[in-house]
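Every read-out reported here was derived from the displayed coordinates using simple, explicitly stated rules and does not represent laboratory data. Being a predicted model, the structure only gives us computed values, none of them experimental. Counting neighbours? That spans all protein chains shown, and the Cβs are built from the backbone with ideal geometry, glycine included.
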C-alpha cells in the first residue's frame, strides 16, 4: 500500500462519523490535487443517486454517475471521475471526483479509497443518522423504518455466490422482508410475507426474523429454526396473527438446498434459458397453530443456477384494469434476467411491476435473487 493510501486510511479511520466525506475531500485534494469530492448515495428505491447534503438527483442510464453505479465500474466523463462505493457487494453509492487524474496508478488508488469509504460508512452507520437521511427522497413510514433497520443489507457477494434483495413500496413497506447470513460454507435465506398493516405487521415480522436468527445462531437445523419461530409467534399471538415464510439453506460446496415452505413466497430457478418452478410441500404458516412440526425438503442446484424468491405481492399485483401480473409475466421476466447482476435483477423486476400497476405498489412485495457459481477454492 502506498504512503498516500496509508495516510488516507488513517484519516478516514480517525474522522468523526459526520465528517467522513469532508476529511476525505481534504485528504485527496492534498494527495491527488483534486478540487471536487462528492458522495452520491443510492436511495431506498434503488432508482436515484442523492448527493450528500442535498442537491440534484441523478437518475437513469443517461447519467454517468448512475452508469458507474449500475455497472460497478470506474467511469471518466467530462473531466469527472466516478467510482463505485461498494463493500463486499453492498452498493452504497458513487464517489465523484474532479479533475479526473490521467495516471493509472492514481486511478487505481482512488478506486481503493472509494472502497475504504464504503467500509467506513458501514462502520459509522449505527452511530449517526446523516447517511440514512441523505439516502431518502422522502420520509419513511414508521413501519418501513422498522423493516429497513431489520435488513442485513441489500446485496452480498462472495466467490461462490451473489445475493440481492429489495422491498416495495420502499418508503411504506409493512410486513414483507428478507434475511440472510453465510459462514463461507452455507447461506441461509428467509423471505417473509407478513400479515396485517402498519406497525402491527412490522412488529410481527421483526419477531419472526429475530426468532429465526436466534435459532440459527444457536446452531439449530433449518426445521428447528422454523419450529422455534412458529412457537415464538404462537405464544405471543395465539394464532390470531401468523405469517408466511420460505426458509432456505444452500450448501455452497455441493449446491444442495434444504427448504421449508411455510406459506406463500414463490421459488423459481433459472437454469440456462429455462425457468423451473421448484415444487415444495406447502406447510402451515409460522404461528398459525401450536406445536406445528416442519419437514425439510431438499433439491439440487446446478452450477450457474439462479434462484428467485418473491412474495405474493408480486405475482398477485393488479393493473388499473384489474389484470394480475401473474405467473406468466413473472417467468418471462426471470428468463430475461439472466444477463443482469442480482441487484439489477430485483430492481428491474420491481420497476417492471410498478410500470405494470401504473403507480406505486399498494401491497407489499419482496424479491430476492441468488446466483450460485459453484464450489470455489
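A few remarks follow.
- Seen against the Cα atoms of the chain and their longest principal axis, helix 222-237 is set at about 80 degrees.
- Rounded if a/c under 1.5, otherwise prolate or oblate - the stretch 165-238, Cα gyration tensor axes: oblate
- Relative to the longest principal axis of the Cα atoms of the chain, helix 3-14 runs at roughly 60 degrees.
- Cα shape, the stretch 3-134, gyration tensor, a/c 1.5 rule: oblate
- 87, 195 arranged by Cβ crowding within 10 Å, fewest neighbours leading: 195, 87
- At R0 = 22 Å, FRET efficiency that the Cβ-Cβ distance of residue 126 and residue 26 yields, to 0.05: 0.30
- Rounded tilt (10° steps) of 20-32 against the dominant C-alpha axis of the chain: 40
- Residue 302 paired with residue 159, simple spin-label distance in nm, labels 7 Å along Cα-to-beta-carbon: 2.5
- Stretch gain in nm, segment residue 199-residue 19, where the contour uses 0.36 nm per residue and the Cα spacing is subtracted: 61.5 nm
- Length-normalised contact order for the chain - Cα pairs under 8 Å, 6+ apart - percent: 14
- Distance from the stretch 160-210 to the stretch 41-107 (C-alpha centre basis), Å: 28
- Computed FRET value (nearest 0.05) for residue 284 with residue 137, which takes r as the C-beta separation and R₀ as 45 Å: 0.70
- Fully extending the segment from residue 105 to residue 316, taken as 0.36 nm per residue of separation minus the present Cα-Cα distance, adds 70.8 nm.
- Taking label points 7 Å from Cα along the Cα-to-Cβ direction, residue 88 and residue 185 give a separation of 1.9 nm.
- With the helix formula -39500 (n - 2.57) applied to DSSP H stretches of n ≥ 4, the chain reaches a computed 222 nm mean residue ellipticity of -11000 deg cm²/dmol.
- Centroid-to-centroid separation of the stretch 126-150 and the stretch 212-233 [C-alpha atoms, Å]: 28
- The stretch 17-40-the stretch 299-336 distance, computed between alpha-carbon centres (Å): 43
- Principal axis extents of the Cα atoms in the chain, from largest to smallest and rounded to whole angstrom, are 65, 49, 42.
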